[in-house]
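Just below is one structure, and these are the notes that go with it.
Just so it is clear, none of the values below were taken in a lab; they were calculated from the coordinates. The structure presented is a predicted model; accordingly, all values stated were derived computationally and were not measured. Cβ: placed from backbone, ideal geometry, glycine included. Neighbour counts: every protein chain shown.
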Amino acid sequence: MNQIENVLHENRHFPPPPEFQAKARLSSEAAYQRMYRESIDQPDAFWGRIARELPWIEPFQKVLDWSNAPFAKWFVGGKLNVSAVCLDQHAYGVRAQKPAIIWEGEPGDSRTLSYGELHLEVCRFANVLKRRGLKKGDRAAIYMPMIPEAAIAMLACARIGVAHSVVFGGFSAQALRERIEDGACTAVITADGSFRRGSVLALKPQVDEAVKGLDAVHTVFVVRRAKNPIEWSKTRDVWVHEACAEASPECTPEPMDSEDLLFLLYTSGSTGRPKGIVHTTGGYIVGSYLSTQYVFDLREDDVYWCTADVGWVTGHSYIVYGPLANGATVVMYEGAPNTPHPGRMWEIVDKHKVTIFYTAPTAIRAFMKWGDEWPAKYSLATLRLLGTVGEPINPEAWIWYHKQIGHERCPIVDTWWQTETGSIMITPLPGVTSTTPGSATRPFFGVDAAVVDEAGKELGPNEGGYLVLRRPWPSMLRGIWGDEQRYRDNYWSKFKTMYFAGDGARRDEHGYLWILGRVDDVINVSGHRLSTMEVESALVSHAKVCEAAVVGRPDALTGQAICAFVTVDTGLEPDDRLKQELMEHVAKEIGKLARPAEIRFTDMLPKTRSGKIMRRLLRDIAAGIETVGDTSTLEDFSVLARLRDNEE
């Protein structure tokens, strides 16, 4: 059997609340269909019109050149500058005094930067970069905490045509070095340290180790944040606050060709070295600009908070570039969600009157584990829209989010996209879509998504298969840095003319898409191909389970057997009786064929620093084999050690 079987059934529907719908940017099915059909049937007209809403330095001559597929060129001949798109059009207009970034530090310190102030800070730092010899076409690594200077660094690079490569501030020195070397970066922008879970996380020492012996790195720019002691190179290191104090607040934005490199962002494969995903200027900013507007129903008075780190693509597209291109007010938070207490996020929502809250299913399940009493301490009355990102959300977590955080009045946009896609691909539109817990619902404008079988033939309702995108879109990756063949092999070799996302999916009888997780994670039990996401959802629906990850392990009789790693509620002592109870619960929820052969209890699951469960590591543990491949994104290596120690 080549299809992924559909075993999870979810029939609850939540139409847009009438009061939300009445004020929404898009509020009717007819309006959505009109825009969507135009974006598919007349893409040049649609994308050309959207792109012209941005301030181009020189107009583009052609919307799309797909003559050298799979290498797209969008808005051919046009020139613009992303920093100017995000700042100049607002700083010199009516939004000059409007808050651009509201920042909250973990210890409780805070800052607010207006568009006018942010513009000045970016121009000053751009001039500092130029003074140290950085120029158009160079690349700089950014290794920063979640402070305003991270966004300032990104925008300053974009302003002078330097491509940035943001590396998450929790990565090891070795992981940072690999990315600096692969991208041939000539400078690194960092901070002395940051605050995380009540302690100082030193960053500069990691950079010192990473660049040791790299003669190509001529400058390390250091932001003073934690004031922890650091070593200093007089010839290489530059204090940002000192250099900016002497810099001019005026910096003319560099005219960038639409296809000029904007940034590299490294994403890990299951094996081999990290991939440097290439994103260019024009198409990327158009995609992030439009999706921010419609997916989040953005309004002038919104206070928008995406809880991601700028080290991930979500932070690029939906903290910095998309919201600022729209002139939005963005909240940034430096610290951990449970420091100094598990209500910290809700405290910030009330303090800054947040209206839009966008987070990951992993975080939502953590909030659930910490208890309903924490959000109950806060009003959350300003919230009007919730979102999820990063992986499929199980229905149980969706319902908790809807009730405990949204108080049953806030639509939820469950979004599917990737580092490679640059912007949101599949999502509800909150004033239009009747949502179903666990489904990302329908493609966004210009996105032609399909579920196909092994031969590339589109499947019917509720037949699980491969999720593909059948046509190019503006914010798509333009390649893998320095490796054209790897780009072709990774994304275009399976179906030739269609981009293969690597995920399984099904489309239900209503036309809604359900993401079933990575096809590498599909389990084949006695010829039945089962999605790990559906089995995990069944486990998490049990009252005693906080989180679950399901993998396949070799089995002589059935080919593969289902092995579940389960985290239970705080204070519970899991035993064999609970194991049996959970096995029967899964059998009752989705059928006997999905009953786990083995359940292992664990206090924590191995996750990336962006919160995704690393199932391939669990597959190795379940199979009793040594872990191979890239583990540089693993958040806590001790979790892996504990799981190994507990192998049965």
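Are any of the pairs Lys73/Lys135; Lys544/Lys579; Lys369/Lys579; Lys275/Lys494 more than 22 Å apart by Cα-Cα distance, and if so, which?
Working: Lys73/Lys135 24 Å; Lys544/Lys579 11 Å; Lys369/Lys579 19 Å; Lys275/Lys494 19 Å.
Table pairs above 22 Å Cα-Cα are Lys73/Lys135.
Among the DSSP beta bridges whose two residues both lie in the chain, what percent are antiparallel, rounded to the nearest 5?
So the antiparallel bridges in the chain amount to around 60 percent.
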Enumerate cysteines in the chain without a disulfide-compatible partner, where compatibility requires another Cys Cβ under 4.7 angstrom. Cys86, Cys157, Cys185, Cys244, Cys306, Cys410, Cys546, Cys563
Roughly how big is region 99-200's charge dipole about its Cα centre, with Cβ charges of +1 (Lys, Arg) and -1 (Asp, Glu), in debye to the nearest 20? 420 debye
The answer for the net charge of residues other than Val452 whose Cβ lies under 13 angstrom from its Cβ, with Lys and Arg +1 and Asp and Glu -1, is 0
Working out 0.36 nm times the residue gap between Asp569 and Ala69, then minus their Cα-Cα distance, what length gain in nm do you get to one decimal? 175.0 nm
Mind checking the alpha-carbon convex hull of region 103-172 and giving the volume per residue in Å³? 90 Å³
Would you mind putting 502-513, 328-339 in packing order, based on average other-beta-carbon counts within 10 Å, highest first? 328-339, 502-513
Okay, helix-only estimate at 222 nm for the chain: each DSSP H run of n ≥ 4 adds -39500 (n - 2.57), divide by all residues, round to 500 deg cm²/dmol; what do you get? -8000 deg cm²/dmol
Take each of the peptides 166-174, 371-379, average the number of other beta-carbon atoms within 10 Å over its residues, and list them starting from the highest. 166-174, 371-379
Rounded to the nearest 0.05, what FRET efficiency do Ala216 and Gln485 give with R0 = 35 Å and r taken as the Cβ-Cβ distance? Could you check? 0.90
Positive-pole candidate from Ser233, Val551, Ala51, dipole of the chain, charges at beta carbon: Ala51
Ranked on Cβ counts within 10 Å of their own Cβ, fewest leading, Met498, Met604 go Met604, Met498
Starting with the fewest neighbours, write out Glu547, Glu589, Glu626 ranked by other beta-carbon atoms found within 10 Å of each beta-carbon. Glu626, Glu589, Glu547
Provide the FRET efficiency to the nearest 0.05 for the Lys592-Asp109 pair, computing r from the beta carbons and using R0 = 60 Å. 0.60
Neighbour-count order for Trp400, Trp232, Trp514, Trp103, fewest beta carbons within 10 angstrom listed first: Trp232, Trp400, Trp103, Trp514
Among Gln33, Leu605, Tyr289, the residue whose Cα sits farthest towards the positive end of the charge dipole of the chain (+1 at Cβ of Lys and Arg, -1 at Cβ of Asp and Glu, taken about the Cα centre) is Tyr289
Would you work out which of Val320, Val85, Ile393 lies farthest towards the positive end of the dipole of the chain? Charges go on Cβ: Lys and Arg +1, Asp and Glu -1. Val85
Shape call for region 66-222 from the C-alpha gyration tensor, a ≥ b ≥ c root eigenvalues: rounded (a/c under 1.5), prolate (a/b greater than b/c) or oblate? oblate
Please sort by residue number the GluC sites (Glu not before Pro) in region 218-324 whose DSSP state is loop and whose Cβ has at most 11 other Cβ atoms within 10 Å. Glu231, Glu246, Glu250, Glu300
